[in-house]
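Undergrad: I'd like to ask some things about the structure below.
What follows draws every value from the coordinates through simple rules; no lab data is involved. Predicted model only: the values in this text are computed from it and were never measured. Cβ atoms come from the backbone with ideal geometry, glycine included; neighbour counts cover every protein chain shown.
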Amino acid sequence: MTEQTIKATIERGPNAQGSQTKFDVPAYDNQTVLDVVSWIQQNIDPTLSYRFACRVGMCGSCAMMVNGVPRWTCRTHISKVLVGNEVTIAPLRNLPVVKDLVVDMDAFFDKWIAAEGLHHGALTREDPIAKVDPTSSARVASDAGVECINCAVCYAACDTVSVNQEYLGPAALQRAWTLLNDTKDNGREKILDAVTGAGGCQNCHSMGSCTAYCPNELDPMSAIAGLKRESAKSFFRKGR
């Protein structure tokens, strides 16, 4: 342990009237932002509420705003985000705050369903397993977003969500694009109808924050662009 201490500011949720609380936290080698939050909860304020599970970047539940940027706190080393030996940690934006650093994820997952982000199967147990060409362009497009773990970092980064709560958001739309390109999925029309509604893909302004901040280096902006192209093609086909 070094002699240094970190000045950590926790921006609490509505149960504390959005207040800020400052803490002096001992600095350690290889310390993460999640380590800082955990030390505060374990040593100073046992009432501090936050989420985490795996601590290795697999679950995404520890996502928070760090100096105004959405991040996985378990994979963010504190030394890389300190500004003048200070850091500010807050709950993810664009989602209702339950308490302190905990947000209500219901709206995020509701939009996943609203975008038809669930498999639309047609085969039964008796049917042979569908064959998929792993080299096809559709499979490549589908595989590109399959590693999304629903951490909501892209949702918190999205300025369109901030001003339009009906917007489905980058994670839900990327999931829709993944299924649209899945040759085993039979919900193409349902998906296109879902993503062209009032909160659909046309609302995206292509600012790219979703892609820039995705911890898994996925590209929701390109997926949304793909939905725009396919929905336009579908519109003109129907108009013939």
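Undergrad: Rounded to whole Å and sorted largest first, list the principal axis extents of the Cα atoms in the chain.
TA: So the extents along the principal axes, rounded to whole Å, are 69, 37, 30.
Undergrad: Same structure again: May I ask for the net charge around C62, where only other residues with Cβ less than 12 Å from the Cβ of C62 are counted and Lys, Arg are +1 while Asp, Glu are -1?
TA: With Lys, Arg at +1 and Asp, Glu at -1, the net is +3.
Undergrad: Just the Kirkwood number for segment 47-97, please: inverse of mean 1/r across all distinct Cα pairs, in Å, one decimal.
TA: Taking every pair of different Cα atoms in segment 47-97, averaging 1/r and inverting gives 11.6 Å.
Undergrad: With an 8 Å Cα cut-off and a minimum separation of 6 or more residues, compute the relative contact order for segment 5-103 in percent.
TA: Values: 190 pairs, mean separation 35.5, N = 99.
For segment 5-103, the relative contact order is 36 percent.
Undergrad: Can you give the direction-averaged projected area of the convex hull of the alpha-carbon atoms in segment 5-103, in nm²?
TA: Mean projected area of the Cα convex hull: 5.7 nm².
Undergrad: How do L173, L179, L118, L227 rank when sorted from fewest to most other Cβ atoms within 10 Å of their own Cβ?
TA: Arranged by neighbour count, lowest to highest, L173, L179, L118, L227 become L118, L179, L227, L173.
Undergrad: Here is a follow-up. Measure nothing but the geometry: give the 0 to 90° angle between the long axis through the Cα atoms of 33-43 and the longest principal axis through the Cα atoms of the chain, rounded to 10°.
TA: Roughly 50 degrees, rounded to the nearest 10.
Undergrad: In addition: Can you tally the net charge around V33? Count Lys and Arg as +1, Asp and Glu as -1, for every other residue whose Cβ sits under 10 Å from the Cβ of V33.
TA: +2
Undergrad: Continuing with the same structure: Given Cβ point charges of +1 (Lys, Arg) and -1 (Asp, Glu) and nothing else, what value in debye, to the nearest 20, does the dipole of the chain about its Cα centre take?
TA: 600 debye
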